[in-house]
Number of protein chains: 2
Amino acid sequence: MSTLITSLDTPAALVDVPRMQRNIQRMQQRMEGLGVRLRPHVKTSKCLPVIHAQIAAGASGVTVSTLKEAEHCFSQGIDDVLYAVAIAPGKLPQALALRRAGCNLSVLTDSVQGARAIVAFAREHDEALPVWIEVDCDGHRSGLAAQDPALIDVARILSEGAVQLRGVMTHAGSSYQLDNTEALQALAEQERALCVHAAERIRKAGIACADVSIGSTPTALSAQNLDGVTEVRAGVYVFFDLVMHNIGVCQTEELALSVLTTVIGHQLAKGWIITDAGWMAMSRDRGTQRQRHDFGYGQVCSEAGDWIDGARVTGANQEHGIITLGDTCHADLAALFPIGSRLRILPNHACATGAQFPHYHALDANGAVHTWSRLHGW
Amino acid sequence: MSTLITSLDTPAALVDVPRMQRNIQRMQQRMEGLGVRLRPHVKTSKCLPVIHAQIAAGASGVTVSTLKEAEHCFSQGIDDVLYAVAIAPGKLPQALALRRAGCNLSVLTDSVQGARAIVAFAREHDEALPVWIEVDCDGHRSGLAAQDPALIDVARILSEGAVQLRGVMTHAGSSYQLDNTEALQALAEQERALCVHAAERIRKAGIACADVSIGSTPTALSAQNLDGVTEVRAGVYVFFDLVMHNIGVCQTEELALSVLTTVIGHQLAKGWIITDAGWMAMSRDRGTQRQRHDFGYGQVCSEAGDWIDGARVTGANQEHGIITLGDTCHADLAALFPIGSRLRILPNHACATGAQFPHYHALDANGAVHTWSRLHGW
């Protein structure tokens with residue numbers, strides 16, 4: 001059932017479907033040009049129509065951040081699923097249930113402790129679980145360094161255990177701190193080279209290591225070659241956001257997620273417009289705070305989506321947003337943006353803002369709005 | 001159906017029910033001692049068992065931040081509801097539907113534009129909607145200053161329209177920026193005095209203004225007298241959190257909400273413990289960042305809830321938390337906190353962290369865990 005944007009209650013999370021489709025095509029074509037498979041990370045959307053659009057465009061399976069996402073995808077026929085967070089031993093029964101139901105789920109570890117827990121569980125249940133080893137390519141979070149002796153220990157524990165060593169994977173999360181082409185290309189090459197090196201070390205130790213999986217949206221869009229890589233994972237490219245815009249990997253016209261909001265008041269002496277999109281709608285993500293442009297809690301656009309230069313959400317309480325217009329004259333604020341008028345806010349971080357909503361409202365090329373549900377919780 | 005904490009999957013939002021009950025009693029008794037009604041703000045919990053506990057303790061109706069909360073409360077027999085966000089004209093039909101169903105819903109405005117929209121709608125539908133006027137007592141967000149000539153204009157529009165002017169209300173949200181008793185007491189008195197003054201101005205203009213509603217958790221717990229006030233609104237006191245602890249209105253033993261998490265890895269050279277509670281679980285709220293103690297994304301406790309001094313969530317990705325132990329020796333981090341072991345994290349801001357979860361897991365005095373669902377979205 002479709003409706004029109006004018007009939008939506010606010011706040012609402014709008015997805016511009018033509019932009020989303022172009023974003024999907026852009027990444028898919030880039031990966032095909034570089035000769036690798038694309039395994040999109042569905043933690044950004046957590047929404048089946050989005051995921052189906054990615055699969056339809058040529059994606060090879062999905063990456064998930066929770067087993068709930070895995071279950072949801074598998075229930076809709078998407079059966080090649082990488083759970084890209086080092087698995088807690090307590091979650092192995094849930095992973096096993098998915099495997100037994102026919103899902104080609106693979107899991108992740110980055111330690112001897114973790115590998116031993118997986119092997120013990122797999123032996124007990126006679127399940128040849130496919131396992132990836134996480135490699136740390138930039139020091140930002142998890143993973144074993146490509147040179148770490150423990151990498152070979154973990155590979156050996158897995159290969160001698162009853163499980164399948166599927167390959168090595170890494171995520172250059174530090175790419176979110178960059179903002180120029182040279183640095184992004186260098187990090188993309190570092191991500192590729194270190195993960196391929198980790199695979200080669202394992203192979204030289206006589207252990208099969210078929211796959212090399214890397215990726216983040218900024219590095220995927222910056223890599224010049226992906227020699228030795230078999231697949232790339234990326235998530236936020238499907239919607240993009242202001243953080244990605246500041247990094248320099250997308251144009252403002254590619255931002256596909258926005259929050260529709262209603263003006264509910266003004267503080268004229270301060271030049272404030274008060275809206276019904278506070279942090280509960282935008283999230284508390286302030287990802288642009290230390291970037292080249294700080295967009296506060298979001299960039300303000302007209303209801304039709306036109307960027308209003310200098311207008312930002314500079315404050316947010318739970319259900320109140322405070323918009324300021326920058327250098328623009330405030331004299332007729334209440335006439336320009338009367339109570340009841342609507343605006344759209346582009347978010348800092350699409351993954352965080354989307355998570356605040358039970359549904360997206362997907363706006364197609366004809367102006368019709370479709371309700372797309374999304375997952376919440378674990 | 002109850003279970004045990006050991007059988008919960010992580011991340012999970014735990015509510016310590018005895019602590020919550022003590023928090024409810026503390027605020028209720030304080031308000032009764034000061035001679036005012038308590039109208040708790042349910043935006044913190046968005047959870048019926050919590051709200052019912054507040055009503056059972058003596059609360060007079062509820063405050064809500066969305067009409068969805070109002071509908072949810074009313075469906076469970078809670079019929080005195082103040083929607084404490086200036087109402088967008090587009091939401092008036094939803095408010096009317098609640099009124100027509102028998103809910104004693106009251107709404108809010110802080111402008112001539114808003115009051116005119118409400119009056120026009122009320123006339124059209126012949127519904128004597130109760131309306132509050134929002135007063136700005138500290139410049140932090142919405143409302144008319146107590147001295148603003150427009151206050152009388154708005155009161156007159158409402159009283160001469162077909163609606164009921166229920167009273168004036170204010171919220172001293174700037175109390176979140178304070179951290180000493182004197183300043184809190186002074187702000188509490190400012191909140192009281194300015195809102196009472198606004199009511200008196202309206203009454204002097206010959207317009208009935210029965211109620212004076214004020215409140216925030218820090219000021220409610222600091223007020224020395226509430227002369228002229230008829231009710232107090234407060235929300236986060238039901239769980240408290242690290243922001244409230246930094247402000248100085250609660251002890252650590254009163255914090256009733258925590259996030260149960262599992263250790264999934266380590267970066268030993270850096271002294272990092274990696275867990276499965278990232279920002280999707282904790283929220284992106286960094287409310288303690290500019291307070292006297294910056295707790296990062298949360299304070300780390302043992303699985304049993306014992307505070308681990310200096311241990312904080314210093315980094316967070318979507319499904320990864322990074323814990324550091326402060327000055328504690330890191331030598332045997334992986335032995336002290338092995339993969340699969342569990343911790344509890346106290347959040348900066350209970351309203352924001354709770355919102356990340358579809359359910360709370362309520363831990364009663366006997367160690368049994370009950371699943372309490374909570375609202376998500378609008």
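The values are calculated or read from the model by the stated rules, or taken from the named source; none is laboratory data. On a predicted model such as this, the values are computed, not experimentally measured, just so you know. Virtual Cβ from ideal backbone geometry, glycine too; neighbours counted across all protein chains shown.
Of all residues in region B:4-42, how many are over 15 Å from B:Trp372 (Cβ atoms), assigned by TED's automatic domain parsing to the domain that holds B:Ala70 and among the aliphatic types (A, V, I, L, M)?
Result for region B:4-42: 5.
Looking only at region A:353-377, count how many residues are facing chain B (nearest Cβ under 8 Å) and buried (at least 19 other Cβ atoms within 10 Å of the Cβ).
Qualifying residue count, region A:353-377: 3.
Please give the number of the condition B:Ala193 fails out of (1) more than 18 Å from the chain's Cα centre (by Cα); (2) surrounded by 24 or more Cβ atoms within 10 Å (Cβ to Cβ).
The number of the failed condition is (2).
So which residues in region A:260-279 are of a type in the set (Val, Ile, Thr) and either more than 10 Å from every other protein chain (Cβ to nearest Cβ) or within 30 Å of B:Gly315 (Cβ to Cβ) (or both), if there are any at all? First the steps, then the outcome.
Within region A:260-279, the first condition is being of a type in the set (Val, Ile, Thr), and the residues that meet it are A:261-264, A:273-275.
Passing the criteria: only A:Ile273.
Of everything in region A:280-316, what is within 14 Å of chain B (Cβ to nearest Cβ) and touching a helix residue (DSSP H, G or I) at 6+ places or on another chain (Cβ under 7 Å)? Give them in sequence order.
Once the filter is applied, which keeps residues that are within 14 Å of chain B (Cβ to nearest Cβ) and touching a helix residue (DSSP H, G or I) at 6+ places or on another chain (Cβ under 7 Å), region A:280-316 yields A:Met282, A:Ser283, A:Arg284, A:Asp285, A:Gly287, A:Thr288, A:Tyr297, A:Gly298, A:Val313, A:Ala316.
Check B:Val135 against each of (1) more than 23 Å from B:Ala188 (Cβ to Cβ); (2) surrounded by 20 or more Cβ atoms within 10 Å (Cβ to Cβ) and name the one condition it does not meet.
(1)
Name the residue, out of B:Ala120, B:Ala145, that is within 13 Å of another protein chain (Cβ to nearest Cβ) and over 17 Å from A:Ile274 (Cβ atoms).
Values: B:Ala145 fails: over 17 Å from A:Ile274 (Cβ atoms).
Of B:Ala120, B:Ala145, the one residue that is within 13 Å of another protein chain (Cβ to nearest Cβ) and over 17 Å from A:Ile274 (Cβ atoms) is B:Ala120.
Please determine whether any residue of region A:167-179 is at positive phi, modelled with pLDDT of 95 or more and touching a helix residue (DSSP H, G or I) at 6+ places or on another chain (Cβ under 9 Å).
Initial filter on region A:167-179 (at positive phi): A:167.
Still in the list and also modelled with pLDDT of 95 or more: A:167.
Imposing the further condition that a residue be touching a helix residue (DSSP H, G or I) at 6+ places or on another chain (Cβ under 9 Å) reduces the set to A:167.
Looking through region A:167-179, at least one residue is at positive phi, modelled with pLDDT of 95 or more and touching a helix residue (DSSP H, G or I) at 6+ places or on another chain (Cβ under 9 Å).
Of all residues being touching a helix residue (DSSP H, G or I) at 6+ places or on another chain (Cβ under 8 Å) and among the hydroxyl-bearing types (Ser, Thr, Tyr) in region B:353-372, which is farthest from B:Val15 (Cα to Cα)? Just the residue, please.
Ranking the qualifying residues of region B:353-372, first place goes to B:Thr353.
Tell me, which residue of region B:1-28 that is within 14 Å of chain A (Cβ to nearest Cβ) and of a type outside the set (Ser, Thr, Tyr) is surrounded by the fewest Cβ atoms within 10 Å (Cβ to Cβ)?
Of everything passing the filter in region B:1-28, B:Leu4 is surrounded by the fewest Cβ atoms within 10 Å (Cβ to Cβ).
Have a look at A:Ala350, A:Ala331 and point out the one that is more than 10 Å from chain B (Cβ to nearest Cβ) and touching a helix residue (DSSP H, G or I) at 6+ places or on another chain (Cβ under 6 Å). Reasoning before the result, please.
Working: A:Ala331 fails: touching a helix residue (DSSP H, G or I) at 6+ places or on another chain (Cβ under 6 Å).
Testing whether each residue is more than 10 Å from chain B (Cβ to nearest Cβ) and touching a helix residue (DSSP H, G or I) at 6+ places or on another chain (Cβ under 6 Å) leaves just A:Ala350.
Do we have B:Glu303 as surrounded by fewer than 18 Cβ atoms within 10 Å (Cβ to Cβ) and touching a Ser or Thr at 6+ places or on another chain (Cβ under 8 Å) here?
Spelling it out, B:Glu303 is indeed surrounded by fewer than 18 Cβ atoms within 10 Å (Cβ to Cβ) and touching a Ser or Thr at 6+ places or on another chain (Cβ under 8 Å).
Listed here are the residues, each with its yes/no results for (1) in contact (Cβ under 8 Å) with a residue 60 or more places away in the chain; (2) out of contact with any strand residue (DSSP E or B) (no Cβ under 8 Å at 6 or more places or on another chain).
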{"residue": "A:Thr261", "(1), (2)": "yes, no"}
{"residue": "A:His293", "(1), (2)": "no, yes"}
{"residue": "A:Ala316", "(1), (2)": "no, no"}
{"residue": "A:Gly340", "(1), (2)": "yes, no"}
{"residue": "A:Arg374", "(1), (2)": "yes, no"}
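State all residues of region B:29-46 that are assigned to a helix (DSSP H, G or I) and crowded, with 23+ Cβ neighbours inside 10 Å; if no residue qualifies, say none.
As a first pass, look at region B:29-46 and keep what is assigned to a helix (DSSP H, G or I): B:29-33.
Result: B:Met31, single match.
Based on what the data block shows, is A:Trp372 assigned to a strand (DSSP E or B) and modelled with pLDDT of 95 or more? Steps first, answer last, please.
On the way: assigned to a strand (DSSP E or B): yes; modelled with pLDDT of 95 or more: yes.
Against the criterion (assigned to a strand (DSSP E or B) and modelled with pLDDT of 95 or more), A:Trp372 qualifies.
Just checking, which of B:Ile323, B:Ile345 is in a strand (DSSP E or B), out of contact with any helix residue (DSSP H, G or I) (no Cβ under 9 Å at 6 or more places or on another chain) and either modelled with pLDDT of 95 or more or within 11 Å of chain A (Cβ to nearest Cβ) (or both)? If you could, list the steps in order and put the result at the bottom.
Details: B:Ile345 fails: out of contact with any helix residue (DSSP H, G or I) (no Cβ under 9 Å at 6 or more places or on another chain).
Among B:Ile323, B:Ile345, only B:Ile323 is in a strand (DSSP E or B), out of contact with any helix residue (DSSP H, G or I) (no Cβ under 9 Å at 6 or more places or on another chain) and either modelled with pLDDT of 95 or more or within 11 Å of chain A (Cβ to nearest Cβ) (or both).
Those residues that are within 23 Å of B:Thr353 (Cβ to Cβ) and surrounded by fewer than 22 Cβ atoms within 10 Å (Cβ to Cβ), I need them from region B:52-65; list them, please.
Within region B:52-65, B:His52, B:Ala53 meet the criteria.
Matching residues to (1) farther than 25 Å from A:His320 by Cα; (2) in contact (Cβ under 8 Å) with a residue 60 or more places away in the chain; (3) not charged (D, E, K, R):
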| position | (1), (2), (3) |
| --- | --- |
| B:Ala12 | yes, yes, yes |
| B:Asp16 | yes, yes, no |
| B:Ser45 | no, yes, yes |
| B:Ile51 | no, no, yes |
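Return yes when B:Val85 is within 14 Å of another protein chain (Cβ to nearest Cβ), under 17 Å from B:Ser65 (Cα atoms) and surrounded by 24 or more Cβ atoms within 10 Å (Cβ to Cβ) and no when it is not.
Details: within 14 Å of another protein chain (Cβ to nearest Cβ): yes; under 17 Å from B:Ser65 (Cα atoms): yes; surrounded by 24 or more Cβ atoms within 10 Å (Cβ to Cβ): yes.
Taking the combined requirement at face value, the residue satisfies it.
Name every residue in region A:75-105 that is more than 25 Å from A:Gln54 (Cα to Cα) and of a type outside the set (A, V, I, L, M), in order of residue number. Steps first, please.
Quick first cut of region A:75-105, residues more than 25 Å from A:Gln54 (Cα to Cα) only: A:87-94, A:96-97, A:100.
Correct list: A:Pro89, A:Gly90, A:Lys91, A:Pro93, A:Gln94, A:Arg100.
Among the residues that make up region B:142-163, is at least one of them on the phi < 0 side of the Ramachandran plot, under 22 Å from the mean Cα position of the chain (by Cα) and either surrounded by 17 or more Cβ atoms within 10 Å (Cβ to Cβ) or of a type outside the set (Val, Ile, Thr) (or both)? Lay out the reasoning, then the answer.
Our first condition is that a residue be on the phi < 0 side of the Ramachandran plot; within region B:142-163, this holds for B:142, B:144-163.
Subset that is under 22 Å from the mean Cα position of the chain (by Cα): B:142.
Pick out the ones that are also either surrounded by 17 or more Cβ atoms within 10 Å (Cβ to Cβ) or of a type outside the set (Val, Ile, Thr) (or both) and you get B:142.
Taking every residue of region B:142-163 in turn, at least one turns out to be on the phi < 0 side of the Ramachandran plot, under 22 Å from the mean Cα position of the chain (by Cα) and either surrounded by 17 or more Cβ atoms within 10 Å (Cβ to Cβ) or of a type outside the set (Val, Ile, Thr) (or both).
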